[in-house]
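J.: This is the structure I want to talk about, given as structure tokens.
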Amino acid sequence: MKNFLKLHKNKILSGGLLFLAALMALTGLYVWNLEHKPELQIYFFDVGQGDSIFIEAKDGTQILIDGGPTNKILPLLGGVMPFYDHSIDVVILTHPHADHVSGLMEVLKRYNVEMIFESGASYHTAEAKEFESMVIEKNIKKIIIDRPVKLSFFKNAALNFLFPDKSFEGQVLKNVHDSALISELDFEGKKILFMSDAEKNLERYLLQKGALEDIDVLKVGHHGSKTSSTADFLKIVKPEYAVISASDRNRYGHPHPDVLSRLSAIGAQIFRTDINGTIILNINNGRLTLQKEK
């Protein structure tokens, strides 16, 4: 053994030095990336016909809103999260339709999730039942939104849940969209409204309650369906930017031409995952920018 070590001493030393050099390079790259990272990033993932939004603050706080359909979310998360990161702070299921919940089951299998927010409305599909079973099996803390709630994190950032403002726990609804979690992210004077699959009746309710205000970015409701984004709603929220999550091949005709016309009429700049791919929103030092994947 001594002769072997003596014979290969230089090779072992060289290998060790190369490893240390590589480790130092990776550490330096990590530190550089962290220093140059925006204070807050929001990824509107291109998951096809569905929704998935990933929020990450510079301090490492991570929030995932919906997971899109099956076999889409994990490669996208892997592209923006470090390889060694196996946890997500908060997962939000806005409602249990397959194009929002299916990908979340893959997330629960791959990542350690600290807590889950949802409405608690019952939905008798295989996907919804499996998701709830996984939450119980993994003993993940579940919070039912049944009143306005403020989730505070990095540098006074706040994710404000505007709806539900009443309990839907255990209820079976004719239209599960009526229980969708609606939230607004406020950070450094910028406001982003996430409308899930809310339709005109929920928009009308929020308007009557006075829960809506002038915002900067709108995640357009229900993939740009003609049943959402009414003129009265847009007149109040007046977004500078509108993000639509939809597939370039969908049988629903999303986004509907009427919605695109209404958004254009208020001067909103429209971003679409079916055309632009994943859309990244950055907020840094009070400045908001959006960039397209393509």
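J.: Which one of 79, 224, 175 is farthest out on the positive end of the charge dipole of the chain, using unit charges on Cβ (Lys, Arg +1; Asp, Glu -1) and the Cα centre as origin?
T.: 79
J.: Using Cα atoms only, what is the angle between the long axis of helix 200-209 and the major principal axis of the chain, expressed in degrees (0 to 90) to the nearest 10?
T.: Long axis of 200-209 versus the principal axis of the chain: about 80 degrees.
J.: So, with +1 on the Cβ of K and R and -1 on the Cβ of D and E, and no other charges, what is the size of the charge dipole of the range 38-292 about its Cα centre, to the nearest 20 debye?
T.: Numbers: 28 positive and 34 negative charges, 66 e Å.
It works out to roughly 320 debye.
J.: Among 123, 160, 113, flag the residue with its Cα farthest along the positive direction of the charge dipole of the range 104-167, charges on Cβ as +1 for Lys/Arg and -1 for Asp/Glu.
T.: Positive-end residue among those listed: 160.
J.: Of all DSSP beta bridges located in the chain, what percent are antiparallel, nearest 5? Please list the in-between numbers first.
T.: Working: 34 of 57 bridges.
About 60 percent, rounded to the nearest 5.
J.: Counting pairs of alpha carbon atoms under 8 Å apart in space and at least six apart in sequence, what relative contact order in percent does the range 38-292 give? Before the final figure, lay out each step's value.
T.: Values: 602 pairs, mean separation 46.0, N = 255.
In percent, rounded to a whole number, it is 18.
J.: Then there's this: Residue 138 versus residue 71, label points 7 Å from Cα toward the beta carbon: distance in nm?
T.: If labels sit at residue 138 and residue 71, their model points lie 2.1 nm apart.
J.: Follow-up. Filter the cross-link list 129/191; 58/191; 150/238; 191/226; 37/72; 174/235 down to pairs whose alpha-carbon distance in this structure exceeds 27 Å. List each step's numbers first, then the result.
T.: Numbers: 129/191 34 Å; 58/191 18 Å; 150/238 23 Å; 191/226 24 Å; 37/72 25 Å; 174/235 29 Å.
The answer is 129/191; 174/235.
J.: Counting each DSSP H run of 4 or more residues in the chain as -39500 (n - 2.57), what helix-only mean residue ellipticity at 222 nm follows after dividing by all residues, to the nearest 500 deg cm²/dmol? Spell out each step's value before the answer.
T.: Details: 9 runs with 97 residues, N = 294.
Taking each H run of at least 4 residues, the total per residue is -10000 deg cm²/dmol.
J.: Tally Lys/Arg at +1 and Asp/Glu at -1 over every other residue whose Cβ is under 11 Å from the Cβ of residue 219; what's the total? It would help to have the intermediate numbers written out before the result.
T.: Values: positive: none; negative: 51, 66, 184, 197.
After counting each charged neighbour, the total is -4.
J.: HN-Hα J couplings of the range 185-198 from phi, Karplus 6.51/-1.76/1.60, θ = phi - 60°, integer Hz, Gly and Pro as x?
T.: Each residue's phi maps through the Karplus curve to give 9, 10, 8, 6, x, 9, 10, 10, 9, 9, 9, 6, 10, 4 Hz.
J.: Nearest 0.05, what FRET efficiency do residue 292 and residue 188 give at R0 = 25 Å with Cβ-Cβ as r?
T.: Values: r = 22 Å, r/R0 = 0.90.
The formula returns an efficiency of 0.65 here.
J.: Let me ask something else. Could you tell me which of 195, 135, 282 has its Cα farthest along the dipole of the chain towards the positive end, charges placed at Cβ (Lys, Arg +1; Asp, Glu -1), taken about the Cα centre?
T.: The listed residue farthest towards the positive side: 282.
J.: Further question: Tally the DSSP beta bridges in the range 118-211 and give the antiparallel ones as a percent, rounded to 5. Can you show the working numbers first?
T.: Details: 14 of 16 bridges.
So the antiparallel bridges amount to about 90 percent of the total.
J.: Mind listing the phi-derived Karplus ³J(HN,Hα) values for the range 81-95, rounded to whole Hz, using 6.51, -1.76 and 1.60 with θ = phi - 60°, and x for any glycine or proline?
T.: 9, x, 4, 8, 8, 10, 9, 10, 5, 9, 10, 10, 9, 5, 6
Laboratory data are not the source of any read-out in this text; all were calculated from the coordinates shown. As the structure is a computational prediction, the values presented were derived from the model and not from experiment. All Cβ positions, even for glycine, are placed from backbone atoms using ideal geometry, and neighbour counts span all protein chains on display.
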